[in-house]
């Protein structure tokens, strides 16, 4: 059977959602890249992955190494996304949409804003006031940066995504200058009014819902 062209693969309001639990970074990266390539070729539809990772330090395409000590307490790897070095690991929720932004008529800046707004909406539902910070991708609160962002767009398909600090141990960030910035990093666990943060699987589903709502709004704007 011949592969369908991208124009015949339907876009849906709610791309399939996959909660992966705890996932090692390198195998997941291969899985996500393969899905993005299939989407670009028209052999698969969009989807949204969510997970937490085994401890790993990741830098982007420019290969900027922001470590503050010679030896890091977890592996250091390069990825094909934007952004500088950050940490991914237990207690941190990852959202990885694999989305055909070209067919949704979304530019790179609009897609980044869409991702940020999905996270801001998620936090707002928890009673946490969050915002964007012009010139600095990610999501910010009065306590510091709570979510980091790094994406890649290739052949009209966006992949990689966002990392939300839920209850990740601060010691992991002490070994680097996260995203090349001196700004403090915070977690949902740092907000006393929140109590114990929801389970990651529960938060992932809520974030997915917020992402789908934001995608619907931005895709409608882009089609005008």
Open item on the list: Criterion first (crowded, with 16+ Cβ neighbours inside 10 Å, touching a strand residue (DSSP E or B) at 6+ places or on another chain (Cβ under 6 Å) and under 15 Å from residue 97 (Cβ atoms)) does residue 23 satisfy it?
Closed with: no
Task: Entirely in the range 128-215, the strands (runs of 3 or more DSSP E) that have 3 or more residues that are touching a helix residue (DSSP H, G or I) at 6+ places or on another chain (Cβ under 7 Å) and farther than 19 Å from residue 114 by Cβ - done: none
Task: Top-ranked residue of the range 71-112 - restricted to ones that are assigned to a helix (DSSP H, G or I) and over 12 Å from the mean Cα position of the chain (by Cα), ranked as surrounded by the fewest Cβ atoms within 10 Å (Cβ to Cβ) - done: 109
Open item on the list: For the structure I just gave you, tell me whether residue 131 is without any contact (Cβ under 8 Å) to a residue 12 or more places away in the chain and within 26 Å of residue 172 (Cβ to Cβ).
Closed with: yes
TODO: Return the total of residues in the range 176-196 being surrounded by 19 or more Cβ atoms within 10 Å (Cβ to Cβ) and farther than 17 Å from residue 139 by Cα.
DONE: 1
Task: Which numbered condition residue 4 fails, given (1) at pLDDT 85 or above; (2) in a loop (DSSP other than H, G, I, E, B) - done: (1)
Task: Residue in the range 59-70 that is farthest from residue 21 (Cα to Cα), counting only those that are free of Cβ contacts under 8 Å to residues at least 60 places away in the same chain and part of a loop (DSSP other than H, G, I, E, B) - done: 70
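The values are calculated or read from the model by the stated rules, or taken from the named source; none is laboratory data. Note that the structure is predicted; figures quoted are calculated from it, not measured. Positions of Cβ are generated from backbone atoms using ideal geometry, with glycine treated the same way; all protein chains shown enter the neighbour counts.
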